[in-house]
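The values are calculated or read from the model by the stated rules, or taken from the named source; none is laboratory data. Because the structure is predicted, anything quoted here is derived from the model rather than measured. Reconstructed Cβ throughout: ideal geometry from the backbone, glycine too, with neighbour counts over all protein chains shown. Heavy atoms of the whole protein, side chains included, go into the accessibility calculation; ligands, DNA and RNA do not. Shrake-Rupley method; radii C 1.70, N 1.55, O 1.52, S 1.80 Å.
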Amino acid sequence: MTAAGERTRVEVRDCAKTYAGGVRALQPTSLVVEPGEVLALIGPSGCGKTTLLRLIAGLADPDAGGTIRFNTEDVTRKPIETRGVGMVFQHYALFPQMSVEANIGYGLRIRGVAEAERRRRVGELVDLVRLQGLEARRPAELSGGQKQRVALARAVALHPRVLLLDEPLTALDAKLKVALRDELAELLRRLSITAVHVTHDQQEAMAIADRLAVMRAGVIVQTGDAESLYRDPKHAFVAEFLGRVNRLARSDADLRDGVLRIGGEVLACPGPLGSERALLVRPEDIELAAGTDAGARVVRRIFLGERLQLQVATPDQGVLTVDAARDAPWQAGDPVRLRIAPQHLLPASEP
Ligand code: ATP
């Protein structure tokens, strides 16, 4: 482990992973996590997130040719115990017979930290994760959120160089998840430890991480901060994974004329998208205005509290999902016109 304050850069270079039986869970992958940065690995089930995390942890070896460095140190063949990583898992992995205090102080005890120092440090960690008053409880007497805070305190007790979080909030119910998500984001900023966070929940990744690496089928497809990935996805997969999209088709005539037909109207297509066969648009980027009977029509209105979600049937693009403000006037049956600012059209092709 390291002195508090020293920060670690993680560099994964050309790491692939083939499991026994020949499953190539990870294609050759390179990735840098900057000192103190929180990076989320995000993607659908089976895309290789956990495999990449396990390589960084030292729980699995990469195929020949791959290297992993923590700062200048090559840790590729080092076992987990000597890498200085802290881990937090979905199912907490707490010792059920031990109190909160004993769970948090476990690593310190194993390392022979003197009792007075251990008590002081555990006290600090209890304060850090706001578990004051619960020190003597056993894990079975805690809520899911409290258990996860114990797991987090235990993981950072030894000042790990790198903190690895594997779906840490997945086992919690939706409300608690959001509360703990914001708490975890704040805590990670305060700790300023380099962290890699695996999740399949895009909102969790966006809320917690400085940068996201979006994975598909063993490959990192795109990395970037949440806003640039959401606004400027380079792949249709990234656009679809990080939010909701409508897919808009273009005919040969549309391509020739540099336009897009939607709801009976003809929109000019921005130059860079001129040759795209299909385009994407997010529901919140379609604006509605009163229309005529010949065009598009609202077929369903769903009140979601903070907004309306509308299904709009069009003569040329099928049924589209459109978000509108909560107090917008639209009802099922209303004829509407659709407008899309050109900068909100996204390419649907894969580069
Ligand atoms: P999830 O979100 O479901 O946890 P993931 O993105 O973390 O998925 P991995 O657990 O990394 O995905 O798995 C990637 C691929 O490797 C999957 O096809 C999986 O079945 C396979 N795999 C994972 N572990 C092993 C193993 N020990 N032996 C063989 N194949 C494995």
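Here P62 fulfils each of the conditions (1) assigned to a loop (DSSP other than H, G, I, E, B); (2) within 16 Å of the ligand (Cβ to nearest atom); (3) at pLDDT below 95 apart from (3). The single condition from (1) open to solvent by 60 Å² or more (accessible area, probe 1.4 Å); (2) part of a helix (DSSP H, G or I) that V150 fails is (1). Output the residues belonging to region 85-129 that are outside any helix (DSSP H, G or I) and over 24 Å from L169 (Cβ atoms). Q97, R111, G112, V113, A114, listed by residue number.
Considering every residue within region 92-101, establish whether at least one is open to solvent by less than 10 Å² (accessible area, probe 1.4 Å) and either within 16 Å of the ligand (Cβ to nearest atom) or within 25 Å of the chain's Cα centre (by Cα) (or both). Checked region 92-101: no residue is open to solvent by less than 10 Å² (accessible area, probe 1.4 Å) and either within 16 Å of the ligand (Cβ to nearest atom) or within 25 Å of the chain's Cα centre (by Cα) (or both). Residue-level analysis places A174 outside the set of residues that are free of Cβ contacts under 8 Å to residues at least 60 places away in the same chain, more than 16 Å from the ligand (Cβ to nearest atom) and closer than 27 Å to V75 by Cβ.
Just to be sure, is L188 under 26 Å from I68 (Cα atoms), open to solvent by less than 10 Å² (accessible area, probe 1.4 Å), more than 16 Å from the ligand (Cβ to nearest atom) and of a type outside the set (V, I, T)?
It is true that L188 is under 26 Å from I68 (Cα atoms), open to solvent by less than 10 Å² (accessible area, probe 1.4 Å), more than 16 Å from the ligand (Cβ to nearest atom) and of a type outside the set (V, I, T).
Considering only residues in region 11-28 that are at positive phi and more than 6 Å from the ligand (Cβ to nearest atom), the one that is modelled with the lowest pLDDT turns out to be G22. Total residues in region 335-350 satisfying the condition of being among the β-branched types (V, I, T) and out of contact with any Phe, Trp or Tyr (no Cβ under 9 Å at 6 or more places or on another chain): the figure is 1.
Hey, among T8, T76, which residue is assigned to a loop (DSSP other than H, G, I, E, B), more than 16 Å from the ligand (Cβ to nearest atom) and crowded, with 18+ Cβ neighbours inside 10 Å?
The unique qualifying residue is T8.
If you go through region 49-59 and keep only what is more than 8 Å from the ligand (Cβ to nearest atom) and open to solvent by less than 40 Å² (accessible area, probe 1.4 Å), you end up with L55, I56, A57, G58.
Tell me, yes or no, whether region 162-171 has at least one residue that is away from the ligand (no atom under 16 Å from the Cβ), within 24 Å of V100 (Cα to Cα) and buried (at least 16 other Cβ atoms within 10 Å of the Cβ).
yes
Checked against the criterion of being in contact with a Cys (Cβ under 7 Å, 6 or more places away or on another chain), in contact (Cβ under 8 Å) with a residue 24 or more places away in the chain and either of a type outside the set (D, E) or away from the ligand (no atom under 16 Å from the Cβ) (or both), the candidates A217, A249, A239, A207 yield just one match: A217. The number of residues in region 29-48 that are open to solvent by less than 10 Å² (accessible area, probe 1.4 Å) and more than 16 Å from the ligand (Cβ to nearest atom) comes to 2.
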